[in-house]
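Notes to accompany the following structure.
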Amino acid sequence: MHISEGILSGPVLLSGAALAAAGTAIGLKRLDYDRIAQTGILAAAFFVASLIHVPVGPSSVHLILNGIVGLILGWAAFPAILTALVLHALFFQFGGITTLGVNTLIMALPAVCCHYLFASLIRRQGWMVSAGAFGCGFLAVALSALIMAGSLVFTEIKFLEISGLVLIANFPVMVIEGIITVFCVLFLKNVQPELIA
């Protein structure tokens, strides 16, 4: 779900960069020294998951895992995702340097939102845990697709049709991310529950 160079307008790029910088500053301020290794591992998981592209029509989709990243890290999702996106741009030319701010916002803001929406459900027991985890994974991708669509529409209204296709193409990813997040959360609650506490 990367936006490439040369597509977005200057105001959209500047707004995305400013919001991503603010989110990253908050994330770094709230990042505990004890959680730096955990943040690095989740950034690496995000990095690897985003490299596996599946063709869907004229485009391609990929896993994001921003729901689980946000659920565990909260605001620290911003610096973690930014780091992975910088490596994507430098090594694989996914996205780009000028679109780093917007791409970070597209993936990190939904992660933080889902942290606040679903973290309390994850701490419970029974079916509420699975429901919260699925909702977290599903909604994180849905919000990312919406922010991406909004970025395209604010650049040029002609992108409205493409924005709709972005949402439709990412629906299977939303469901898959929800299922993966359920498995990850249930596994962590059994093995290391303090990670999601």
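The values are calculated or read from the model by the stated rules, or taken from the named source; none is laboratory data. This structure is a prediction, so every number in the text was calculated from the model and none was measured. All accessible areas refer to the heavy atoms of the entire protein, side chains included, with ligands and DNA or RNA removed. Shrake-Rupley method; radii C 1.70, N 1.55, O 1.52, S 1.80 Å.
Results, tabulated for the structure shown:
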quantity	calculated
Placed amide H near residue 94: partners under 5 Å, 5+ positions off or other chain	89
Solvent-accessible ranking of 41, 7, 81, largest area first, probe 1.4 Å	41, 7, 81
Helix 10-30 vs. the chain, principal-axis angle (Cα, 0 to 90°, nearest 10)	20 degrees
Accessible surface, per residue, of the chain when the full set of protein chains is kept, probe 1.4 Å, Å²	49 Å²
Rg and Dmax of the range 119-175, Cα atoms only, in Å	14.7, 47
Karplus-derived 3J(HN,Hα), 6.51/-1.76/1.60, for each residue of the range 144-158, Hz, glycine and proline x	4, 5, 5, 5, 5, 4, x, 4, 5, 5, 5, 6, 7, 4, 5
Cubic angstrom per residue, convex hull over Cα atoms of the range 36-146	107 Å³
Which of 30, 124, 35 is most accessible, then next, and so on - probe 1.4 Å	30, 124, 35
Carbon + sulfur, % of accessible area of the chain - ligands and nucleic acids excluded, 1.4 Å	73 percent
The range 10-195, Rg to Rh (Cα coordinates; Rh as Kirkwood inverse mean 1/r)	0.96
Principal-axis tilt of helix 36-49 within the chain, Cα atoms, nearest 10 degrees	50 degrees
